[in-house]
1. Kindly identify the range 22-105 as rounded, prolate or oblate by the Cα gyration tensor criterion: order the square roots of the eigenvalues as a ≥ b ≥ c, call it rounded if a/c is under 1.5, otherwise compare a/b with b/c, prolate if a/b is larger, else oblate.
2. Multiplying the sequence separation of Ala26 and Ala94 by 0.36 nm and subtracting their Cα-Cα distance, what value in nm do you get?
3. Report the charge-dipole magnitude of the range 11-52 in Debye, nearest 20, computed about the Cα centre from +1 at each Lys and Arg Cβ and -1 at each Asp and Glu Cβ.
4. Taking neighbour counts of Cβ atoms within 10 Å as a proxy for exposure, in what order, fewest first, do Ser78, Ser39, Ser89, Ser29 appear?
5. Grab the Cα-Cα distance for Phe69 and Arg15, subtract it from 0.36 nm times how many residues apart they are, and report the gain in nm with one decimal.
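We did not get these values from a lab; they are worked out from the coordinates using the rules stated. Please read all numbers here as calculations on a predicted model, not as lab measurements. Cβ sites come from the backbone with ideal geometry, for glycine too, and all protein chains shown count toward neighbours.
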Amino acid sequence: MFIIALRVYVWQGFRKLPVDVQIRLAQESVYPVTLIFHSKYFNLDTGEYNWFINTPQERDLVLGILPPFAALGSHFSSTGFALKSLALSDVEMAFLAAMAVLTAAGR
């Protein structure tokens, strides 16, 4: 219940911010929040990470078309290893994501 109340409170506060600030927060925090989300699916045993739920063949196709995306792999791996090793709960992951948004707000 606390998480639902917190989410409603944060969302209402976010909506009170000027639109340009909302846009900047979303733009600057989307990548760290994406890394945090995907770390939940990192496999510590194999070192495999979730590539947007794509197959290895789809991943190879994307990388063949967009080679700069190869950097995503090292980001997913390092973030996944660090966060999965901590064995954070869903609540802790949510707070970590909120901290990523607030860090973007402080820039």
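1. It is oblate, given that a/c is not under 1.5 and a/b is not larger than b/c.
2. 22.9 nm
3. Value, rounded to 20: 300 debye.
4. Listed from fewest to most nearby Cβ atoms, that is Ser89, Ser78, Ser29, Ser39.
5. Here the segment from Phe69 to Arg15 would lengthen by 16.2 nm.
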